[in-house]
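For reference, the structure is listed below as structure tokens.
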Amino acid sequence: MKLDEKFMQRALQLARKAESHGEVPVGAVLVLGNEIVGEGWNQPIGRHDPSAHAEIMALRDAGQRLQNYRLTDTTLYVTLEPCPMCAGAMVHARVGKVIYAASDPRSGAAGSVFDLLPSDQRFNHVTEAEGGLLADESAELLRQFFRARRR
């Protein structure tokens, strides 16, 4: 298995953890070199915190582990295209690249709805973005979650 797939598989495991806690199933891992330095899963409901998206939680975890708010040369793997809030946090943290699984047609900020990653050159840092890695698996997890909630 390629390294990118390995890291996205871990993000999918974290998405399932979010789902098991009644949260929208999104997971994220932040990698430096070939090592996971931060992990997160959606927790806004349980934490009563609208900013507790998977990406933000992974960035917070990495910042604490590395004792640095600048996360340069890192790659964030996330199961759903980042929203504008998360995209902004990645830019401020100086994340080098984000690789996401499923596109988000409602609030995606890597080209689906907004173009904050990577095309907005007005920021003082550009975070590259690439989508589609294990997209079907992630999209199916989200579909099943929302189908069950509607019942």
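Data for the structure
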read-out: Among the residues listed as Asp120, Asp136, Asp104, the single one being assigned to a helix (DSSP H, G or I), acidic (Asp, Glu) and farther than 17 Å from Leu30 by Cα; value: Asp136
read-out: Residue check for Met90: modelled with pLDDT of 95 or more, open to solvent by 70 Å² or more (accessible area, probe 1.4 Å) and under 22 Å from Val31 (Cβ atoms); value: no
read-out: Among the residues listed as Phe123, Phe146, Phe114, the single one being within 16 Å of Ala15 (Cβ to Cβ), open to solvent by 50 Å² or more (accessible area, probe 1.4 Å), of a type outside the set (Lys, Arg) and more than 15 Å from the chain's Cα centre (by Cα); value: Phe146
read-out: Those residues of the stretch 1-42 which are of a type in the set (A, V, I, L, M), open to solvent by 60 Å² or more (accessible area, probe 1.4 Å) and touching a strand residue (DSSP E or B) at 6+ places or on another chain (Cβ under 7 Å), in sequence order; value: Leu32
read-out: Qualifying positions in the stretch 60-89 - touching a Ser or Thr at 6+ places or on another chain (Cβ under 8 Å) and assigned to a strand (DSSP E or B); value: Thr79, Leu80
read-out: Residue that is nearest to Ala109 (Cα to Cα) [pool: residues in the stretch 74-87 that are open to solvent by 20 Å² or more (accessible area, probe 1.4 Å) and in contact (Cβ under 8 Å) with a residue 40 or more places away in the chain]; value: Leu80
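The values are calculated or read from the model by the stated rules, or taken from the named source; none is laboratory data. As the structure is a computational prediction, the values presented were derived from the model and not from experiment. FYI the Cβ positions are ideal-geometry reconstructions off the backbone, even for glycines, and counts take in every protein chain you see. Ligands, DNA and RNA are stripped out before the accessible areas are found, and what is left, the full protein with its side chains, is counted by its heavy atoms. Shrake-Rupley method; radii C 1.70, N 1.55, O 1.52, S 1.80 Å.
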